[in-house]
Amino acid sequence: MSNLVLLTVLLMVMAVAYQIGLVRSKRMSVAAVDGGTRMHSRPAYHGTLVALWTVVPAALIYMVWSFFQPNILNSMVMSQLPSEVLTASDNELRILLNRIINLSTGFGLADEAQAYELAAAEMLRELRNQGNFIMLALMASVASAGLVLTWRRIQPDLRARNQVEVVTRFLLILCSTIAILTTIGIVFSMLGEALRFFSFVSPADFFFGTTWNPRFSTVGTSGQTGFGMLPLLWGTLMIAIIALLVAVPIGLMTAIYLAEYAPSKVRAVAKPVIEVLAGIPTIVYGFFALVTVGPFLNMLGATLGLEIRATSALTAGVVMGIMIIPFISSLSDDIITQVPKAMRDGSLGLGATKSETIRKVVIPAALPGIVGAILLAASRAIGETMIVVLAAGNSPVLTANPFEAVSTMTVTIVNQLTGDLDFASPQSLVAFALGLTLFVITLCLNVVALVIVRKYREQYE
Amino acid sequence: MTTSTQITSEMSLAEKRDIMQQRVAKSLKRRHAQETRFKMIGMGAVGLALAFVVILFATILSKGLPAFWQAHITLDVYFDPDVIKIDDKPVRQSTESEAAFNQRMLAWQTQLGFVNFNRIILDSLEKVIPDAKAYQRDAMRLVTSGERFALRGMVEENPSIIGQTLKLNLLADANVDVWIKDNIDRSLPDAQQQLSAKTRQWVDELEARGIIQNKFSTALFMNPDSRSSLASAGLAGAFMGSVMMMLIVMFLAVPVGVASAIYLEEFAPKNKLTDLIEVNINNLAAVPSIVFGLLGASVFILWFKLPLSAPIVGGLVLSLMTLPTVIIATRSNLKAIPPSIRQAALGIGASKVQSVFHHVLPLAIPGILTGAILGVAQALGESAPLLLIGMSSFVASVPSTPFDQSTALPVQIYLWQGNELRNFFEARTSAAIIVLLSLMISLNALAIWLRKRFETRW
Amino acid sequence: MGAMQMTFSDEKKPTPTSGKVKMAARDVKVFYGDNEAIHGVNMDIMENEVVAFIGPSGCGKSTFLRCLNRMNDTIDICRVTGKVTLDERDIYDKSLDVVQLRAQVGMVFQKPNPFPKSIYENIVYGPKLHGLVNSKSDMDEIVESSLQRAGLWKEVKDRLDSPGTGLSGGQQQRLCIARAIAVSPEVILMDEPCSALDPIATSIIEELIDELKGSYTIAIVTHNMQQAARVSDKTAFFHMGDLVEISETREIFTNPKDRRTEDYITGRFG
């Protein structure tokens, strides 16, 4: 609440400071014109500069202060506690601190507070009030100093615009580092947790183990078993392969038909309608697999004399294939239309039919790009979660039969990290090891695919 | 005749041509058949892809639309003062402090909480089913249990209805809904039926008398999730959660993404570092969403100790996930602005920053908005990363701040599809999907409209 | 005229024409949408002679050339009326197969467009499609003879498996000519075959055309009047979609009948 008030005050101060700078600058520019000189910057820049110097340092003080104050105050209070209380274990001390904080904020306790707790809470409250007062005083003085000093600097030759632009650029750079930070965050957070996992389970057992059954291992004992990743990796690959077997022929032929044969009206309707498939949330596909495709395949199997489970690698793969059709078709469409017309004319001029031209000239010429598109689709299929969570059957066994239930890396990540598991056990940490493996696999596929596609584009540009 | 089909080197050009023409003519039939076949395969592929779209939507619509109409029982409800024995609702006295008033109010609400509203419902049922009291358990299976809280809410809102009789449409139990919609096999033996024989008989009777009817239900939109009263489980909580997360994405991912795209496209020098950023962003766009969930679990939950299941964490995770999409869309829009605009601005003495912010950016805004909306829509449909930050837990309230426990629309779909009462929840899940898809389609339509409205051709 | 020095084709080698009309156009009009690009062209092309189409940019000469093997079919909005015959058969007749037509009337394009395949595969592409070759030896034969005719054999015989796109511009264009020859066409259409080439490569191609005449009927579009004079027996001058005049090349360059032709060849516009 008080944060919100402070924020509002800061914004108001900012607006006022801007106006003050603006007014002075405008007056000065009138004077400057009379004196035969010109202002270097427009009034708006002077206003912005004043506003920035007024508010930004104060805001920084606030951030730093509120980051450090609680810890400093807490340790000050804890050091004042009676010595016999301080002998308790770390955990108990943490509980005690929480009780004191609750008392001091007026939140109250469930039971009666000890006298020393009340005293400590009182002290904490005092300290906090003092601290907040000092902080506010500091902020106010820094803000007014900034205001006055910058106000006085407003002269015709002040290069306010350049200074404001430096700040703008700095902000822009800051924003573009966030993408990098995200990648670093992904790698390090997963690496950290994965390493903790490998302190329980040896990497060899994890990467080459053929049994996935972590439930039977007990926490704390060394030599955890049942963490073999291979069944999950195999399930992932099997489903991705089935998905590609569905999506590549349909997607590619769709792209070819729409790019080469379809009248422009058909293309204008069919292309966006098919691309709708790409925008549908994966949970919807999962549900579709569960209630429609699974039972359908099951029934189909029954009429053919095959035993197809309703939730199986096949179900998940087929539905995932449907999901990535637009992915393949629109990427391939782009790539096919980039093949120069001269190439087609050369073939047609020799008397080739349209399909011969497409099969023997256009597709071979577009092949690198199409391979890139397929790799991107494969990476998407491998990382897909919700469809497999609902439709793959969650049975982590090594089987070559696509009609059986399987499990995948993504499903297992979800299973291991939902529910009330504690983050210190290998049962939860394994999710990070799996995530890291998944990240590396998809990263490799993406890098290779992007390089291929980029090379292809450059070839025809 | 063999000589005319063999080409030998001593033949004249004219003879060779004759033979070749014959061979071309011979190949024609096969090749045209091939051409037709190839074209048919192409048409088949397009047809199949279109059929998938149609089947998907038809399935969802046919399963989900009926769920917007639910079985209601129309009853004359008598708010019997003998059952609802409570004091008058407290009114704040001018001399009273706020705390004291709250104390009195709380006491009154507690008193109200003890009232047996089941009795009120049972009394009302008795008016249409004379032997309701004899088979109390069976009778109470007719109305969903959440309705007693609805009645209590009415009294709390307006205590003057005590003593009155109101004609109310009470939401029937989920199993009643299943029964009258024929979503369960009526020939199943009693042991496998959810409703007792008595209840089923009453339902058929009441339906015949027009007392049980399918009516459009607002429960799906107005209520949060519920496990005790399945018929009144709704999407309000998940919807609020999704809205909060979308707002967070809009206020975080969009400005940051646009800013970094501006830097990379307009200011950044071409060097190894910016190349790396470029590759990094393209890759980030293709990282599986679940990896972002792992990032959220370890960074936001484990390190920063943010609460589990909170929209703030979901919003942050989805923002990071949407960021590359926004950056890529913005960059391609900035690229499409012809360099002449920049040169013109620089030519009249604008600085680089001014040329970008005053001239280039305003022209790119419609395209950037379109990209941003599509990014937000994508975030709206995402569920995998949210499962990992605890958003798949059951939450029976509507969150009021981003720090409260909440779930999201796609996650609610995930939760509902797993509900044991399949006969009821298959339809309700489909209805939830319809709501989600409608939201996404509206967002996409907005994006398309923006693009069409402000489209500029260079 | 005076200052321009021309070398004429008939000074080198007389063309042995049979005097038979190979292709004929009667009142050919071409429309792009509603826009009429060619206004009723009539023309006879004799067997085994070389006809050059000249005229300013956009005069319709390339469009007309593309009518002769129905390459305009590949452009959706393009429509052709009138009659074009090959050996007295209407090539726009429904009963005629465009595949067969193009096997008889080959085409070489402005920009060399070898397929992204090996030199060998480029040559056998057409013969394989049309079922002209049955064995490896047939193919080897056809590759060698076509490259020989195109004057490329000596340069590439040791690297038939390297990609056709790796050759120089002039070599690529000769590869495209060899590719066209490989299916033994009767007519070869050339659409500014030298415009993307340097002078040396151009003169090699011109020599090649000279070699080919007598065996093939050739129609060539060119921007370069000297080229037309050097390689062709007859020259047709197009202007704004009209065929202004067509006659013996020497005649057109020394004694043009139409004022527009004279203006063009003396360089008053172009």
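The values are calculated or read from the model by the stated rules, or taken from the named source; none is laboratory data. Note that the coordinates shown come from a computational prediction; the quantities given were computed from them, not determined experimentally. So basically every Cβ, Gly included, is an ideal-geometry build from the backbone, and we count neighbours across all protein chains shown.
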Check on A:Phe188, within 30 Å of B:Ala261 (Cβ to Cβ), assigned to a helix (DSSP H, G or I), within 14 Å of chain B (Cβ to nearest Cβ) and at pLDDT 90 or above: yes
Criterion (surrounded by fewer than 24 Cβ atoms within 10 Å (Cβ to Cβ) and in contact (Cβ under 8 Å) with a residue 60 or more places away in the chain) met by exactly one of A:Thr385, A:Thr437, A:Thr410: A:Thr437
Members of the range B:423-437 that are within 9 Å of chain A (Cβ to nearest Cβ) and either surrounded by fewer than 24 Cβ atoms within 10 Å (Cβ to Cβ) or touching a His at 6+ places or on another chain (Cβ under 6 Å) (or both): B:Glu426, B:Leu437
All positions within the range B:243-279 that are buried (at least 20 other Cβ atoms within 10 Å of the Cβ) and either closer than 30 Å to B:Thr401 by Cβ or outside the structural domain of B:Glu382 (by TED's automatic domain parsing) (or both): B:Met244, B:Met245, B:Met246, B:Ile248, B:Val249, B:Ala253, B:Val254, B:Val256, B:Gly257, B:Val258, B:Ala259, B:Ser260
Residue match in the range A:117-134 (condition: more than 14 Å from chain B (Cβ to nearest Cβ) and in contact with a Lys or Arg (Cβ under 7 Å, 6 or more places away or on another chain)): yes
Pairs where the first residue, in the range B:6-30, is assigned to a loop (DSSP other than H, G, I, E, B) and the second is modelled with pLDDT of 80 or more, C-beta under 7 Å, 6+ apart: B:Ile7/B:Lys16; B:Ile7/B:Ile19
Residue in the range A:158-179 that is part of a helix (DSSP H, G or I), facing chain B (nearest Cβ under 10 Å) and more than 30 Å from A:Ala44 (Cα to Cα) present: yes
The range B:443-453, subset over 25 Å from B:Phe68 (Cα atoms) and of a type outside the set (A, V, I, L, M, F, W, C), residue farthest from the other protein chains (Cβ to nearest Cβ): B:Arg453
The listed residue being within 12 Å of chain B (Cβ to nearest Cβ), on the phi < 0 side of the Ramachandran plot, more than 18 Å from the chain's Cα centre (by Cα) and of a type outside the set (S, T, N, Q), out of A:Val451, A:Val414: A:Val451
Residues located in the range B:114-141, provided they are farther than 20 Å from B:Leu168 by Cα and assigned to a helix (DSSP H, G or I): B:Gln136, B:Arg137, B:Asp138
Evaluation of B:Ala364 against (1) surrounded by 21 or more Cβ atoms within 10 Å (Cβ to Cβ); (2) within 12 Å of chain A (Cβ to nearest Cβ); (3) in a helix (DSSP H, G or I) (one fails), failing number: (2)
Residue that is nearest to C:Leu68 (Cα to Cα) [pool: residues in the range C:135-189 that are in contact with a Pro (Cβ under 8 Å, 6 or more places away or on another chain) and outside any helix (DSSP H, G or I)]: C:Val183
A:Val430 in contact with a strand residue (DSSP E or B) (Cβ under 7 Å, 6 or more places away or on another chain) and under 22 Å from B:Met391 (Cα atoms): yes
Residue match in the range C:197-210 (condition: under 21 Å from C:Phe64 (Cα atoms) and in contact with a Ser or Thr (Cβ under 6 Å, 6 or more places away or on another chain)): no
Some residue of the range B:331-342 being more than 10 Å from chain A (Cβ to nearest Cβ), surrounded by 19 or more Cβ atoms within 10 Å (Cβ to Cβ), touching a residue at least 60 places away in the same chain (Cβ under 8 Å) and closer than 30 Å to B:Leu388 by Cβ: yes
Criterion violated by B:Met440 - all others in (1) among the hydrophobic types (A, V, I, L, M, F, W, C); (2) over 30 Å from A:Ala431 (Cα atoms); (3) more than 8 Å from chain A (Cβ to nearest Cβ) satisfied: (3)
Qualifying residue in the range B:146-167 (condition: buried (at least 16 other Cβ atoms within 10 Å of the Cβ), in a loop (DSSP other than H, G, I, E, B) and out of contact with any Pro (no Cβ under 9 Å at 6 or more places or on another chain)): yes
Condition check for C:Ile246: touching a strand residue (DSSP E or B) at 6+ places or on another chain (Cβ under 8 Å) and either buried (at least 17 other Cβ atoms within 10 Å of the Cβ) or of a type in the set (Gly, Ala, Ser) (or both): yes
Qualifying residue in the range B:344-354 (condition: within 23 Å of B:Ala447 (Cα to Cα) and within 13 Å of another protein chain (Cβ to nearest Cβ)): no
Only one of A:Gly383, A:Gly435, A:Gly346 that is over 30 Å from A:Asn298 (Cβ atoms), within 7 Å of chain B (Cβ to nearest Cβ) and at pLDDT 90 or above: A:Gly435
Only one of B:Ser397, B:Ser406 that is farther than 16 Å from B:Asn183 by Cα, over 12 Å from the mean Cα position of the chain (by Cα) and either modelled with pLDDT of 90 or more or within 13 Å of another protein chain (Cβ to nearest Cβ) (or both): B:Ser406
Tally of residues being more than 9 Å from chain A (Cβ to nearest Cβ) and of a type in the set (Val, Ile, Thr) across the range B:243-272: 4
The range A:389-403, residues that are more than 10 Å from chain B (Cβ to nearest Cβ) and either in a helix (DSSP H, G or I) or in contact with an Asp or Glu (Cβ under 9 Å, 6 or more places away or on another chain) (or both): A:Ala391, A:Gly393, A:Ser395, A:Val397, A:Phe403
Filtered residues of the range C:129-144 (kept if within 23 Å of the chain's Cα centre (by Cα) and either away from chain B (no Cβ under 11 Å) or surrounded by fewer than 18 Cβ atoms within 10 Å (Cβ to Cβ) (or both)): C:Val143, C:Glu144
Residue in the range A:368-379 that is facing chain B (nearest Cβ under 10 Å) and either crowded, with 24+ Cβ neighbours inside 10 Å or within 20 Å of the chain's Cα centre (by Cα) (or both) present: yes
Odd one out for A:Leu417, checked against (1) surrounded by 24 or more Cβ atoms within 10 Å (Cβ to Cβ); (2) in contact (Cβ under 8 Å) with a residue 24 or more places away in the chain; (3) hydrophobic (A, V, I, L, M, F, W, C): (2)
